Amino acid sequence: MKHRVTVYRDTYLDSVVQLSGTRTMRAVDGVEWASAAMATPANLETLGSAGFDAADWDGAGAGDLFIAVRGESDEVVAEAVAAGEKAMFAPGSGGAADTARRSARSVREACELAPDSSVAVVSVPGDYAALEAHQALTAGLHVLLFSDNVSVEAEVDLKERAAGLGLLLMGPGAGTAMLGGTCLGFANVVTPGPVAVVAAAGTGAQEAASLLDRWGVGVSHVIGLGGRDLSAAVGGIMARTALMALRDDDATEVVLLVSKPPDVDVARSVLAAASGKPVVAALIGLDPTEIYAGGTDVPEGVTLAGSLETGVVRALESLGRTAPDPTDGLREAVAAAVAELPESRTLLRGLYSGGTLCYEALVILAGALGDVHSNTPVDSALGLPAPAGAHSCLDLGEEEYTLGRPHPMIDPEARLEWLRSDGADPDVAVIVLDVVLGHGSHPDPAGELAPVCADIIAGGGPRIVVYVLGTDQDPQGFEAQRRVFTEAGCVVTDTAARAALAAAAIVRRDPDLVGRPV
């Protein structure tokens with residue numbers, strides 16, 4: 001095997017662009033391993049663990065970009081490097097150095113180049129992210145803090161300052177937002193409408209916005225809070241700020257608040273401040289009675305829901321609209337899937353790319369099947385490794401599965417390995433997958449995943465349930481992606497919640513289970 005590390009000094013590219021370069025290089029025939037990333041200590045450690053020599057990047061630091069490729073020949077390596085450069089650097093540029101010279105090197109320079117900007121997207125290594133976010137706030141900009149590995153203390157400091165300035169600080173780890181029709185990060189293209197989504201959950205925000213679009217209502221804004229905002233440590237600072245801003249927004253008639261289980265006191269405090277417009281709170285995995293126990297009344301105008309699907313349904317109802325039936329045709333599809341499934345197949349495997357969708361599935365599956373093990377378990381006693389004969393549901397977007405390789409929403413390679421492995425297990429009855437479309441995601445996930453699904457099903461393996469999250473305006477095309485999976489023999493559902501129930505129904509050989517309330 002041949003290998004090469006190329007360092008581009010004083011060059012920064014957004015992490016989504018880096019991942020695009022990585023995906024492009026790994027697609028070159030003959031490439032065994034490739035990565036494009038900033039030369040942070042953590043990334044260089046990953047590079048070393050992948051078998052590269054430290055001498056190859058001598059002197060590189062966090063402000064430098066590297067491309068690393070290992071392939072079967074010098075020609076393959078050179079082809080991959082060229083493909084990665086083409087994917088990452090702007091067409092017509094003279095290379096990384098020219099790109100770096102033409103780009104702003106600070107928030108202040110960026111504001112000088114684009115004085116009408118109102119939002120800064122910060123996507124630098126976590127050690128530097130808080131400083132950059134503070135500079136953006138100083139410039140009077142709302143901030144989408146895409147970076148993770150930012151301390152809770154730094155997050156609170158940033159959000160308190162932003163709130164005092166009347167600005168949004170979305171994040172850290174906020175990968176999804178849509179403000180006034182402009183998509184930021186991993187976002188779906190949605191029709192403008194009267195519902196605003198405020199979410200402490202990335203793919204939860206995408207699911208809510210996509211369902212609103214597909215069910216004919218549309219979205220005014222999507223505000224990502226970061227996963228810790230509703231924790232006791234952060235206290236819902238940005239949730240309150242977002243609700244106050246939306247109260248005065250003429251384009252918004254209803255607010256849909258989405259979160260994994262928040263701190264109960266914080267949730268109560270945030271919802272108490274939600275006045276002026278109807279608010280639907282979809283708090284996944286939290287029994288609404290826990291928030292308002294002991295006779296405490298739910299605030300006027302607030303409606304509680306326990307799943308993303310139900311949250312969207314309640315938002316439509318508050319507008320006098322009715323959602324379509326997400327179970328339409330699903331019982332028949334499940335019945336057909338189990339008709340020839342051997343009774344010896346009894347286990348469920350979930351292979352998720354969206355963390356919120358995985359968590360919601362765990363909550364739903366626990367009610368239908370009992371114990372389900374996961375790397376992000378609802379019950380800490382149900383972690384990994386799972387015992388023999390146990391159901392499992394994995395969030396493959398977690399760090400332990402993405403170290404040194406792209407996120408599964410961007411590159412399905414890692415998930416294909418799991419899919420083939422679980423598809424060959426004679427004890428597995430069903431595999432459930434989410435497929436997330438939109439900006440930043442793989443350009444054709446069905447083209448990669450569906451052929452493997454078809455082979456598994458045709459070979460007498462497990463049945464496969466797929467939920468496609470997206471809209472017809474997304475670059476991949478929602479209906480086109482669904483059609484490919486349907487033609488491969490998969491059970492394709494209308495919501496993420498129904499995918500979990502359809503998978504449970506296959507395990508239990510009970511098609512009526514798909515109609516259970518969520």
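Taken together, the values in this text are just the output of simple stated rules run on the coordinates, not laboratory data. This is a predicted model, so every value here is computed, not measured. Reconstructed Cβ throughout: ideal geometry from the backbone, glycine too, with neighbour counts over all protein chains shown.
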Cβ charges +1 (Lys, Arg) and -1 (Asp, Glu), total dipole of the stretch 128-197, debye: 240 debye
Rg to Rh ratio, the stretch 107-173, alpha-carbon atoms and Kirkwood radius? 0.94
The chain: calculated mean residue ellipticity at 222 nm from DSSP helix runs of at least 4, using -39500 (n - 2.57): -11500 deg cm²/dmol
Listed peptides 70-76, 500-506, 230-236 by packing density, highest first (mean Cβ within 10 Å): 500-506, 230-236, 70-76
Mean shadow area (nm²) of the C-alpha convex hull around the stretch 168-322 is 7.9 nm²
Starting from the Cα-Cα distance between E417 and D379, subtract it from 0.36 nm times their residue separation and give me the gain in nm to one decimal. 11.0 nm
Farthest toward positive dipole pole in the stretch 107-173 [+1 Lys/Arg, -1 Asp/Glu at C-beta], among A163, L144, A120: A163
For the stretch 107-173, what does the relative contact order come out to in percent, with C-alpha contacts under 8 Å and a separation of six or more? 32 percent
Those aspartates and glutamates that a straight Cα-Cα span of less than 19 Å connects to K86, excepting residues fewer than 8 apart in one chain: D10, D14, D29, D64, D74, E75, D98, D411
Please state, to two decimals, what the Cα-based radius of gyration of the stretch 376-502 comes to when divided by 2.2 N^0.38 Å (N = residues). 1.05
For the chain, give the magnitude of the charge dipole about the Cα centre (Cβ charges: +1 Lys/Arg, -1 Asp/Glu; no others), in debye to the nearest 20. 540 debye
Treating the chain as a set of equal point scatterers at the Cα positions, no solvent, please give the Debye-formula log₁₀ I(q)/I(0) at q = 0.10, 0.11, 0.13 Å⁻¹. -0.81, -0.98, -1.33
Positive-pole candidate from A50, T11, A36, dipole of the stretch 2-102, charges at beta carbon: T11
Assuming a ≥ b ≥ c are the square roots of the Cα gyration tensor eigenvalues, decide whether the stretch 2-102 counts as rounded (a/c under 1.5), prolate (otherwise, with a/b larger than b/c) or oblate. oblate
Rounded, prolate or oblate (a/c below 1.5 giving rounded, otherwise prolate when a/b exceeds b/c) for the stretch 390-465 by Cα gyration tensor: oblate
Relative contact order for the chain using alpha-carbon pairs under 8 Å, separation at least 6, rounded to a whole percent? 11 percent
Would you please name the GluC sites (Glu not before Pro) within the stretch 141-172 that are DSSP coil residues with at most 15 other C-beta atoms within 10 Å of their C-beta? none
Using 0.36 nm times the number of residues separating L131 and T402, minus their current alpha carbon distance, what extension gain do you get? 95.0 nm
If contacts are Cα pairs under 8 angstrom and at least 6 residues apart, what is the relative contact order of the stretch 330-515 in percent? 28 percent
